[in-house]
Each structure stands twice: as structure tokens, then as C-alpha cells.
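The values are calculated or read from the model by the stated rules, or taken from the named source; none is laboratory data. Small disclaimer: the values here were computed from a predicted structure and weren't measured. No Cβ is skipped: glycine too gets one built from the backbone with ideal geometry, and neighbour counts run over all protein chains shown.
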Ligand SMILES: Nc1ncnc2c1ncn2[C@@H]1O[C@H](COP(=O)(O)OP(=O)(O)OP(=O)(O)O)[C@@H](O)[C@H]1O
Ligand SMILES: Nc1ncnc2c1ncn2[C@@H]1O[C@H](COP(=O)(O)OP(=O)(O)OP(=O)(O)O)[C@@H](O)[C@H]1O
Ligand SMILES: [Mg+2]
Ligand SMILES: [Mg+2]
């Protein structure tokens, strides 16, 4: 029991990273903006968030800085796309490269070369009376505040998209921007908002890497997880409730593959490291009927 | 600028090539410090390239050669192929490279630094077998490379020499620099009962601190290259320290004196190029003293640590 | 006389070098059902889109109810009581009718009162006589129903001026009659209507005033009492001489010719499984002979699409057999079928017919890519030969383009259709399968297409002419088969044509 | 206007567009470099002229341009059917790795170069192609978006490289990095002076891609499916076949790229071999392809230009000790300006 509880506890940490990042991607995707810059945003925010937290001594300021950095990237993406109708994909890849450069440069300018890494302040931990003691359940409820933020963000996104009119309208943009436009919805403004809000969630995921998980910055810390998040958003059919599921499944398999590596002696360890990626493909094959794309994702919209 | 450098072509200049970021507070940082110290000691000009990809190494080396750098410190064994390929064509340039075993023949313009990872890990292995309460020691490596195998074998030898019942579980995360994967691996080891983690990853270490701190029972860890006490003061034991300044400074002096080739084995012992960090944190005085004794015995040759790089012995 | 409700003054609009509107003055009076006529590309949609705020004019002013009004976006026009049903559906296919209609209106945004809205929508649709299923996803509904939903959406947001841009393109006669009734209700309830169509007959029946546009200019405004078919056609196509029938369609001469003894196409007891949008086909048999145009009449969504498609792609057959010149094509791929002298022009010319970004040349090759004539050493395409074929098509079919390198999307709808039909004639043709080839085209283009079909028939080949418009079918078909709910209800010879009887059969009567 | 005139005006238009974009981008980079306190003039000169100042700089540019060309094609060809192959990197890794596996396995047979080299290239083609085919197949059969499948396949390929490079059968036992033993002499391609012989293969590939995409029925079918899937199917083009072939060709080209890196540049498998300037060739390939809007004819030029930038940017770091990160920022900025200006003022090709 204790083993399962601590296993879940560990899985939830990575779930948080994947879920927040893929939520960020799917929120803008719901308005038709395919944000593939996740990797770059996570890196830049990991750096900016850490630096802010370290310099201010406040985890909260750190996460805010991460979110702001994300918002900045979202703003660039939305602005260049909406103004010049430049292909979203190419912008995303540019921003990946931009972010990976910016992250190290910021750190280099602020911290420089040191023999021991600076450390971020501790993040607020929240335990819930009683529930955080119950085996298994406590694996979900014995975490830092960002894990709870991730629950809240997922729920809010679901509520927003499926229980509010503005959410319905936002989904309409993703399916058919013209349909939204002709009923008087400001497509461009919604796309800006969604991209900026989404990107700041990705930014928080990036800051989570440094402020909460490693407590310090190291180059290339996201190591491709921003691209994984794109995969999870697709896997989730761009639905918040499935993004958290996808994040959890992927983190689960990732954590489990290390357990399996310890247990097994015969199989080369590289195959355990491949396991999460193979599993996602297999899961997608099995559930192929349930994978959908908002029709306008990736496409520019202009009236004339 | 590049062109201005043509005017002082006779001055000796040293360049270094680093695989990662010099701010990693780890392997690349100590390489960078070695470069600076060597250049300062001899009063020569220095330059470096960081984050050099393997396919770019040959080009970077040649560019430094074309810019009249006469000493090139190649920090990272992945570049040795490039250095070996370039070296014969530029007999006037001397290369400093890092290896884990002495090659059969020495190239006339290459200095070889032998890194000897295994000796230090013997001491860490002894420390771990004294400190563990669960009898389970975890080892986290990036990839299964010869020097990593040497480390695992040395730890196992130390456990045996201590007549300990402890067992060593080792795990590879596929990447020396991915903190999240290292953390997941540590969590895996801890859930199997490990209470000591011997880390042989680089940036991956940053994932370990959180893992041990958040463990629900006390877990301790050791690291490599630099002192990392501040990262996890309550869980940190010691580190297998490297001081590349000693060999690089020494070799650069010899090169300037005209010795263009040679083999430099990084010696183990207090104040030497390779050493164990003392005092060990979070252990009793008796363990501290016992481990210190072992370290001295290794340094003096009283304890012979076997160097087995080819495979992990069972 | 009623006051000017809309008054557009001196409106101009250019898209790049294309001058779509050139100093337009356009007036609609309160309570009118105002027809807007004009050939393809005359600028009708552009003008309406400006009124609706989707496009910004380069020049000109708009007065609503006598007040100068600036309309920057659809939001402005909706606020001013303008509603528009667009030429191309603007519903979200993944949403239900209720969800689509709810979108956009003012007020609370952080709640979703689906149940409340549903009731309101039902009320409005009853009031105006426009019923439809409210909780089915749009993508599962037919074009006619989507139309109704779009109209109700406009009314729901309080439109007092309703612009309908070619609403009848995919409606059959009976549906048009229904729409006509609704239009009358609208006017009674104080809604003014602008009605765009290519069918002059509909204008004659429905409209109380008509504006004719031509090449970006207003040709004339014609009041109800002066309306006449010949007059309208004349206004639309000044220098052309188009003869029209009393149902306001182009006149065609169908000479008596001898039809072949052996059937070109034999359809034997075929069945196709249905789906959301189609009932499929149930045990259908008929023969078509050389020298005849065989019409298929059906209300959209009764299996007519399957009839056209299964000949090109027989792999969809569930049972039965299809023979071309006596040979079974049951296991053939589309290219095999084409190789037997069959050609096809699909229902939706943009979605199914063309490579939008491709040149005319590339589009002409499509479907012929396996023919020896266009290949060198089986592997390479002979682009010179393709260019020759494309130039032939451009010449023969009057495609309005500088050359064959122009990309297809630059052509107007009518010219795209001409190119598609031209492509079907590139290689010797025994059977042309064509589905709604005239949809949305102006009379002059329709006349042209009819002539081509008749030429083909007169040369001894056959045409399978699947069409929604019964009037058109009756003009050019030698026989008409009626399809309802996937079943063949009857086949009429020319001498037996009876519009009422066939129409009734089409709706299952 | 005649055809020829049209072509000229198009080229002129493109030259002006790319010219303006690059000048603007250099302006932004200058501001950046100046803020960081470096000499702007030196930096710009280094960035743009390193490739042309010495035969060494030029050959290094070619050495980068070749793998980049193949990585770019790997993206470009599936992109013609409007699918994103993010897996160029993985396909390169897989192609290169399989080349080494076969090369080392057959090494002891002592086959002559005339057999070995074509054989190893074939291995690269087939293995890269098959690896990409997985994504094409998953799309055709299970409708799995290639973006997600190729991302996953990249991670898988990366582990596969490590597996081979550290496996007992192939590893170099003395290396402190995942590196295999050397391939036999007869498996290696030579150099013309400093220019790698793989340039011949690159030229063949350029001609091959041109012929296939512009002259063959297959190319026509691939473009058609990209322009309108439904119309293509209506007129007899088989979607499943086309997408699988397109992915296979893309992957095969990436595979050759990987193969050439191994048999012409490194002579063995080295972990990290398909990277440059800190990023994978795959990412740069995507970027390069999108810069020319997926036009296969423009790819060689774009790949060359990108390599000039990469080489120049690398030497910025070396000669002026400008942080390497500035290089990334510069690349992103240049590309962004190019696409913005092109989108705004480009004529398109028809
Ligand atoms: N139009 C709607 N109005 C109100 N609630 C809705 C509506 N559509 C969906 N929901 C609710 O929103 C949530 C998401 O619904 P949806 O069907 O899109 O996702 P899902 O159930 O995860 O997908 P799947 O059924 O394919 O697994 C569900 O709780 C559903 O009940
Ligand atoms: N978005 C656009 N971009 C460029 N040109 C356009 C655009 N919309 C319309 N045009 C051009 O403007 C002219 C008028 O087009 P419009 O759609 O208004 O004609 P229409 O009278 O509605 O024709 P139809 O009867 O075929 O619907 C045509 O030449 C058309 O090609
Ligand atoms: Mg559902
Ligand atoms: Mg129109």
C-alpha cells in the first residue's frame, strides 16, 4: 500500500508537468492556434522562473515570472500569426530555438559560472486533513501547491469549455472560425487570449521543473518534454479532462519503466527507456476512434 | 577579432572545447576553471567553445588551429576521435585529451589525461556499505560506458572488502543530463528500499536532490566532480572530486617546455587531482574516520582497487 | 411608397487587382423581398458581405433607415438588425443546432443555459414555420435543414433585415415552396429580405423588387410590376442571346437520334449500405444506352450521391453488379473505370473536384494520370502533352484564363465547373457521370453546360445526369429515374414527363 | 508576360524579399550583440563571411549543408501531402545506426568498397525509410497524426543509438562516450580535397527529388493528395499508398543523410552525430523546409544558406566569445523575418 501511495505521489509530479504543458497547448488549439513552441517556452520559463524565485526568495514570484515569460512567447506567436498570417508551425519551431537560446543566456547573464548551483526557495506544500493520510488517496493529495493548481487548471479548463457560453464560442472558433466570426465573435482577440493564457500555463510547467523539481536551473532541462506535451494534447483530442489522463498515463509508464529496469536483468535498459513512447503509440492505435482534431487547428483565418 | 590575432602569431594560445554549458557547476565548469587557471599560470591567451556537438568537434578544432592556437584542451571523451583525426596533420599543435585507459601507442602531439573514475568510487562504495541501514545501495548512471562499469565494479569490490551484506542495484537513465529521469530512477531505487544513492550522472544530479529530500525516510546520496553539499544539506554525504586544473596546468607547463606528448594519470589522494570530499556530511565521526582511513589506503596503494571496465562483474 | 431601409451609396471594393464592386448604389425598401440577380462573379456576395461587416469597402457609405451607419464587423451589423445566411455554410459541423444558434449573442458568458435557449429556439422556429432537429450535430444534417438553421439563427439574434445568399442552390422544388411560405411570414412579421439566386423563376415567384448586377456594377432596379423573365435575362447578359423557357431556364434542342442496341451501362440489383447522411441504395437496376441522357431525380440525401459514386468506385458496392459495355466493373478501381471510357464530375466542385492550389494543367491531368497518352516510360508525366490537353479544354470550354498555368483557385465558380467538365472530355468518352453540374451557376453557364451534354449524347455516348433540379432534368434528359430513400421509384420516358407526378414521387408520395 | 519573364520576375522578387528579410534580421541581431557589449561589425562580418573566407570554412559549410539537405527533404516530402514529419532526426539516427550495424557485421568479410559503400547506403535508405514508414502506416491504417508518432519515434531512435553504441557487439571498449568501433576502410567514403565525397550523393538526391516530385506520376499524386485529399481519391489516387510512399521517401532521404555522416564523416557511430550547433539536424531541417515553404526545388539553396549561418554563428562564439546562445537567438530571428517578409510581400509561384 505504501509502495503504491509513494508511486502515485511520484507519478503526480511528472503528471503536473505534462498536464500543464499540454493544457496550455490545447487551450490555444481550441481557437485554432497550434502552439508547437512548448519546448522553447518551457526552457525559457524554467530559466526565468528559477531566476526570479532565486533572486526574490519567493516561489510565487518565480512562478509568476515563468507564467509571464510564457505569456510573452504566446504574445509573439499570436501577434506574428494574426498580423502576418505566418504559418504557425514555423513560428513554433522558431520559438523553440529562440527559447532554448534565451534560457541559457538569461542564466549566464544573471548567475554566470559558479561551482555550486544556486537553489530556489521551497514551494508551499499543501496537505489536506484526513485525506492526505488515507493510503493511495494521499498519493494525490500530498504535494506542493502547483499540483493542486494543475487540478484546478484542468477543472477550470473543462468547466470553461463545456459549461460556459464563452467556452462554447471558443470551441466554435477552433472548429470553424468563420462560423464564430459571422455571429460577431472577435476571432482574433480570442486567439490572442487563448494563446497567451495557454502559453503562460506552459510557462508554469517550465518553472515547475526548476523551482519545484530540481530547485535549480540546468541547461536543456525540459529535454523534449515540450514536444511530448504536443503529443499528449493530440492524444487527448484537445480535451482538458483527457490531457490530465494522458499526462498521468505517460508519467505512470515513465516511472514504472524505471521500476521494471531494476527488477529485470536481462533486457537492455534502453528498451525500458523506450517503453513510454511505444506505449503511447500502442494506446493511440487501440483508441484510434476517440482521437479528434479541431478542424481549424493550424490554419490562419482571415475574412477576405 | 580573428584577424588581429594574426599579428601575435608567435604567442602561445590555449583553446578548450566543452561538450556542455560551462555553467553546469559540474564537469564543464571544472574544465573551464582548469582552462582559466592554466592560462593564468602561464600568462597565455585562452579561448573556448561550449556546447560543441560531436559532429562539429573536428571543425572547431581546425578553426582554433587556423587561428594559431597551439594547445587545445579537449574536455570530453566524445571528441577524442576528432582529436585523433586532426592531430597527425598538425604536428605543431598539441592536444590534451581525456581517456579512461592508457592507449597502446601515444601520438606524438597528444597528451593523455587518465581520469580514473573507479578509485574514488571504491571509497564511496565503502562509505555506502557502512552507512546503509536497509542494506540496499542504489547507483544511477547515464549510460553503460566503460568508466561507469569501472565505477560499479569498484563499488562492488568495496562492499565485498567491507564484508557487508549490502547489495548494489544499478540503473541507467539514458542521459547524463536529464534531471527528471534521474529523479524518476532515484524514486525507483528508493521504492525498492535503497537508502544510499551513488550518483554518476552530471546535470541529472539536480533531479536527485528533490527525490531524496522528499523521500519519506532518510536517504543519502553521493555525487561526482564538485562539492554539492549545499544542494541537499541533510542528505548529502560526499563527492568524488575531480581537479582538472592539476593535470591541465602541469601539462601546459610541460608543453611550453617542449614536451609535446605524454600520459598523465590523475592521482588519487588528498590534495591530488582525484580525491574524496571530507569531512563526509551526515555520518558519525567513526564512519568519517573509517572512510578517511580507506581513502588514505587507496592513495598509498595499500588497498588496490581493480580496474575492470569491460563488463559489470556479478 | 415605403422608405429606403438600406441605401448603399457609391460602394467600391477591390481584391488586389480584381475590381469586385465599382461605385454601387443599392436600395432596399422596408418590407420588400428584394431579389439580387447577376451572373457569377457579378459581385452580389461581395456587396452583401460588406453590408454584413465581413468585408470593408474601399469607398462608399451605407445608410440604414436613413441614418449613416458604419459597419466594421458582423457584431455591428447584428446590432443593427442585419442577419445573413451565407453562400457557404457557416455553421460549426461538430455542434448541434442549439449550440450553433446560441453562439455569439450578448449577455451572460459564464453560464450555459442550453435548455432555456432550446425552448426559445423552438418557439422562433414554430413562429416562422422552420422546423428542424435541434439536438443533432450539424454534420449529420442535409443542406436544406442547415439552411433553415442558419435562417433561424439570424432571426434569433433579432434580424429585421435578412440576407439570403443563394439559399436555394441545394433545395428542391418543394423545399423552395416551403421557403417561399416562410419568406411571406417574415414580411408579415416586419422582416425585410434580400434574396440572391440564379433561378429567375424563383425571383419571379418570390420577389417584390429586383436589382440586377453585372461585372461589379448595378445594371438596374426593377419594380414588381415591371418584372419579366426575358427582361431580366437581357439585363444580366447584355450582349449574349440566351433563349429561355417559361420556367426561366435555357432552351435546349434535343434532336431525335437513334440510340444504341446494347446498353453502355447496366446496373444490376445493386445495394449499398447507408450511413448518417444517406440511406444507401436498395436493389437498384437500370440500363443506359448510347445516345441518351439518363436523368436521376432525387431530393438530396436519398442515395443519389451513391448512384453517381458507385459507378466510379465500385468497391463501395455491397451486392449486385455494374457492367460497362457488357464488362463487369465490380472489382475495378476508379482508374480502371476511367480507362473504360467513363468520366465523372462530382457534386461538390470545390471539395471533391479540384486541386485548389494546382494549375489548370495539373487539374486537367487529374483522373487521366494513368493514361498512356500522358506518360513517358510509364513513370514520367508528359507535361507537354498535358499542356496541350489543358489548352484544348480552355478553348473548347471557354474557360476564362490567360493560360493553363494559372492556379485553379483563381478561377470563378462557373469557370471551375467548365474546367471540370472539360477535363471529363479529355479522352474519348462513352459515359459521363455528372452530379449537379449546374449548381450555383448563372444561366449562361448552365446553357453552355447543357449544350455540351447534348453534344455528347448526339455523338452516341451516354450521360448519367444526377440532378436535384427537376426543371433542368426535364429539359435535357431523355429519361428520368426517380430515387427516394435509396429505392428506385420509377423511370419516366420523355413523353411521360409530369412535373407534379415526378415531384411527388421524389418526396416519397 | 512570357513564361521566361515570369520566372525571372519571380526569382527577382524572391531575391529582394529574402534580401530585405536578412537585412532586417541582421539589424535586430546587431542590436542584440551591441546590448551584450560586443563589436557589431566584427560579429556581422564573422556571421556572414566565415564560410567564404577560407577553403576550410567553405568545406565545413558543405559538410553541414549535406546532412541538413537530407534532413530538410525528410520534412519536405511528407509536407507535400500536408503532413508533418518531425521525425527526420530519428530517421537519420536510425539510418546511421543500421549502417554501422551492417558495416561492422560485414567488416570481417573484407568486401571491396565498390560493394560495401553502395550496400551501406542502401541500408541507410531502407532503414530510414522503414522507420518513417511506421509513421505513414500508423496514419494510413489507424489515422494517428504523424506529428505525434514521429515525435515518439525520435525518442525511440535516440535510445536505439545508445543501445547499439554501448552494446557489447559494437561498442568501442575504451571510449568514455557511446561510440562504436571503427568501420573498415572499405566501408568509408573519401574526400575531394576537403570536400566530402558525399556531395555526389547529395547531388544525386537533388536530381532524384526534382525528378520524382516534378516529373513523375508519383510526384503528381503526392502533390495532388496534399492539395485536396478528397478530390484525389475521387479521381483514383490511393491515399494510403501515397502517404506511405511519401513518408518512405522522406525517411529514406534522412536515412541516407545519417548513413553518409557515418561512412563519410565519422567512420563510426557516435552518440550525438546528427546534431549541430546544439540542436538536432531534424529541427533545423523543419525550419529550413518551412523557410522555403516546402518547395523542394528551393531546398538545396536554403540548406546551403542555413549552413552558412550555422558556420558563421559558431565561429562568432569562437572568435569573439559571444555566448553560443546568441547564435540560437539569431537563427530564430532571421528565419522569423524571412517568413514574415515573404508572407507579406512574396508573390507565390502562381
Ligand atoms: N454540449 C455540451 N453541453 C454540456 N456539456 C457537455 C457538452 N458536450 C460535452 N459536455 C460534457 O463535457 C465533457 C466532455 O465531453 P466530450 O464528449 O467532449 O469528452 P469525453 O467524454 O471525454 O470524450 P469521449 O466521449 O470521446 O471519451 C463531458 O463531461 C460531457 O458530458
Ligand atoms: N475573398 C476574395 N478574394 C479575392 N477575390 C474575390 C474574393 N471574393 C470575391 N472575389 C472576386 O470578386 C468578384 C465578385 O465575387 P462575388 O463572390 O461577389 O460574386 P457573386 O456575384 O456572388 O458570384 P456567385 O454568383 O458566383 O456567387 C469575383 O471576381 C470574385 O472572383
Ligand atoms: Mg465525446
Ligand atoms: Mg456569391
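Quick notes on this structure:
Here's the yes/no breakdown for (1) at the interface with another protein chain (Cβ under 10 Å from one of its Cβ atoms); (2) surrounded by 15 or more Cβ atoms within 10 Å (Cβ to Cβ):
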{"residue": "D:13", "(1), (2)": "no, yes"}
{"residue": "D:17", "(1), (2)": "no, yes"}
{"residue": "D:29", "(1), (2)": "no, yes"}
{"residue": "D:34", "(1), (2)": "no, no"}
{"residue": "D:52", "(1), (2)": "no, no"}
{"residue": "D:56", "(1), (2)": "yes, yes"}
{"residue": "D:61", "(1), (2)": "yes, yes"}
{"residue": "D:76", "(1), (2)": "no, yes"}
{"residue": "D:80", "(1), (2)": "no, yes"}
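- Qualifying residue in region D:284-305 (condition: away from chain A (no Cβ under 13 Å), under 24 Å from residue B:57 (Cα atoms) and buried (at least 23 other Cβ atoms within 10 Å of the Cβ)): yes
- Boolean, residue C:163 is within 21 Å of the chain's Cα centre (by Cα), within 16 Å of residue C:96 (Cα to Cα), modelled with pLDDT of 90 or more and in the same structural domain as residue C:98 (by TED's automatic domain parsing): no
- Residues in region A:158-175 that are more than 9 Å from chain C (Cβ to nearest Cβ), within 11 Å of ligand 1 (Cβ to nearest atom) and in contact (Cβ under 8 Å) with a residue 12 or more places away in the chain: A:158, A:161.
- Any hit, region A:156-169, residues being part of a helix (DSSP H, G or I), touching a helix residue (DSSP H, G or I) at 6+ places or on another chain (Cβ under 7 Å) and within 16 Å of ligand 4 (Cβ to nearest atom): no
- Qualifying positions in region C:431-446 - over 14 Å from the mean Cα position of the chain (by Cα) and either modelled with pLDDT under 95 or assigned by TED's automatic domain parsing to the domain that holds residue C:39 (or both): C:444
- Check on residue C:122, over 23 Å from residue A:181 (Cβ atoms) and either modelled with pLDDT of 90 or more or within 14 Å of chain A (Cβ to nearest Cβ) (or both): yes
- Scanning region D:32-55 turns up no residue that is modelled with pLDDT of 90 or more, assigned to a helix (DSSP H, G or I) and touching a strand residue (DSSP E or B) at 6+ places or on another chain (Cβ under 7 Å).
- Cross-chain or 6+ apart pairs with Cβ under 6 Å, region B:188-199 first and within 9 Å of chain A (Cβ to nearest Cβ), then in a loop (DSSP other than H, G, I, E, B): B:190/B:215; B:190/B:219
- Number of the exception - residue C:140 against (1) crowded, with 19+ Cβ neighbours inside 10 Å; (2) touching a residue at least 40 places away in the same chain (Cβ under 8 Å); (3) away from ligand 2 (no atom under 16 Å from the Cβ): (1)
- Tally, over region A:176-230, of residues that are in a helix (DSSP H, G or I) and either over 19 Å from residue A:32 (Cβ atoms) or within 14 Å of chain C (Cβ to nearest Cβ) (or both): 27
- Counting the residues of region C:354-394 that are more than 23 Å from the chain's Cα centre (by Cα), away from chain D (no Cβ under 11 Å) and buried (at least 22 other Cβ atoms within 10 Å of the Cβ) gives 2.
- Restricting B:116, B:205 to those that are crowded, with 24+ Cβ neighbours inside 10 Å and at pLDDT below 95 reduces the list to B:205.
- Taking the criterion of being closer than 18 Å to residue C:329 by Cβ and free of Cβ contacts under 8 Å to residues at least 40 places away in the same chain, the residues of region C:264-310 that qualify are C:287, C:309.
- Residues that are away from ligand 4 (no atom under 16 Å from the Cβ) and not in a loop (DSSP other than H, G, I, E, B) were ranked within region C:29-58; the one that is nearest to the other protein chains (Cβ to nearest Cβ) is C:33.
- Region A:254-284, residues that are surrounded by 15 or more Cβ atoms within 10 Å (Cβ to Cβ) and either over 20 Å from residue D:152 (Cβ atoms) or away from chain B (no Cβ under 11 Å) (or both): A:259, A:262, A:275, A:277, A:278, A:279, A:280, A:281, A:283, A:284
- The single condition among (1) closer than 18 Å to residue A:233 by Cα; (2) modelled with pLDDT of 95 or more; (3) part of a helix (DSSP H, G or I) that residue A:62 does not meet is (1).
- Filtered residues of region B:283-314 (kept if at pLDDT 95 or above, surrounded by fewer than 19 Cβ atoms within 10 Å (Cβ to Cβ) and in contact with a strand residue (DSSP E or B) (Cβ under 9 Å, 6 or more places away or on another chain)): B:283, B:292
- All of C:415, C:458, C:436 fail the test of being more than 16 Å from ligand 4 (Cβ to nearest atom) and under 27 Å from residue C:356 (Cβ atoms), apart from C:436.
- Test: residue in region A:75-98 that is out of contact with any strand residue (DSSP E or B) (no Cβ under 9 Å at 6 or more places or on another chain), closer than 18 Å to residue A:153 by Cβ and in contact (Cβ under 8 Å) with a residue 40 or more places away in the chain: no
- Helices (runs of 4 or more DSSP H) completely within region B:1-108 that count 2 or more residues being more than 10 Å from every other protein chain (Cβ to nearest Cβ) and at pLDDT 95 or above: B:27-42
- For region C:209-229, a tally of residues being closer than 11 Å to residue C:25 by Cα and either without any contact (Cβ under 8 Å) to a residue 24 or more places away in the chain or touching a helix residue (DSSP H, G or I) at 6+ places or on another chain (Cβ under 8 Å) (or both) returns 3.
- Residue match in region B:111-122 (condition: within 14 Å of another protein chain (Cβ to nearest Cβ), under 28 Å from residue B:83 (Cβ atoms) and free of Cβ contacts under 8 Å to residues at least 40 places away in the same chain): no
- Test for residue B:245: is it surrounded by fewer than 24 Cβ atoms within 10 Å (Cβ to Cβ), under 17 Å from the mean Cα position of the chain (by Cα) and within 14 Å of chain A (Cβ to nearest Cβ): yes
- Residue A:181 vs. criteria within 16 Å of ligand 2 (Cβ to nearest atom) and in contact (Cβ under 8 Å) with a residue 40 or more places away in the chain: yes
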